[in-house]
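> Here you go, one structure.
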Amino acid sequence: MPQFSGGNLSLAQTEVAGAGGPPTRRVVSDEEVVEVLQSALSRIRPPAYQVCREMNVGVCEWKFRAMKDRSLNAGAAPNGLIIVNRGIVEYAANEEEVALVIAHEIGHQAANHIATGQRNQAVGALVGAILLGAAGAAASYRSPNSTQITRSAVDAGANVGGAIGRISFSKEQEREADYLAAVILYRSNIDLDKARGFLVTMARASGRKETGMLDTHPAGPERIAGWDRAVAEIRASNGGLPQRA
Ligand SMILES: [Zn+2]
């Protein structure tokens with residue numbers, strides 16, 4: 001993973017400091033949450049699958065769950081499960097930002113990060129159990145090729161959000177997931193600078209208690225600087241994957 005310079009970091013720090021305090025949450029309906037998630041997912045899905053195949057180490061069949069939980073969080077769990085809280089959509093300024101979050105969690109799956117953490121396995125078993133118990137009506141979108149995230153899924157996951165807070169990855173894994181996310185967005189022709197806005201939002205949220213994502217993901221100027229470095233490399237290589245250590 002690329003390193004960034006002190007100059008990159010201080011630029012990002014200045015940007016976050018000038019961005020104007022904590023971000024604001026939008027009011028969105030359940031329908032809009034599902035629509036935005038579905039639309040973002042359908043734009044990145046084929047390139048994401050292609051990246052996963054090229055990596056050839058991870059899980060490339062994903063199941064998506066939209067959660068009622070309003071905290072700014074998302075997670076990747078065993079068996080290809082990807083969880084996105086409605087809080088992500090509430091804080092996102094546009095669909096590109098939501099696509100970044102989904103692509104990041106796909107990155108964890110594609111790089112097989114979940115299998116490397118015992119604790120994550122245990123959490124995943126718990127998440128799976130809760131979902132299976134609650135999500136009878138959501139069976140239709142368990143098909144691996146489906147881009148459907150149904151309304152029933154938004155309703156079913158009310159109690160699962162807390163479990164995401166116990167999924168954790170190393171700093172290096174987080175950087176790799178961001179790198180893969182940037183490759184996926186690049187190959188999906190998604191505006192990387194627009195998507196990047198979510199990292200600024202997360203950095204602005206750093207001071208707030210309710211932001212569960214900040215316990216499980218690196219936030220702040222460091223992550224933005226890492227993202228910028230990755231994007232520069234990816235643009236230069238026209239969307240290529242780096243050699244893996
Ligand atoms: Zn992550």
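> With r defined as the distance between the Cβ atoms of residue 115 and residue 26 and R0 fixed at 41 Å, what FRET efficiency is calculated, to the nearest 0.05? Show your work: numbers first, answer last.
Working: r = 36 Å, r/R0 = 0.87.
Step by step, r from the Cβ atoms, then E = 0.70.
> Under 20 Å from the Cα of residue 171, which aspartates and glutamates turn up, not counting those fewer than eight places away in the same chain?
105, 215, 222, 228, 233
> So, in nm, how far is label residue 54 from label residue 171 when the simple model puts each one 7 Å beyond its Cα toward the Cβ?
Calculated label separation equals 2.8 nm.
Coordinate-derived values only; no laboratory data. What you see is a predicted model; the values in this text were computed from it and never measured. With ideal geometry, Cβ positions are generated from the backbone for all residues, glycine too; neighbour counts draw on all protein chains shown.
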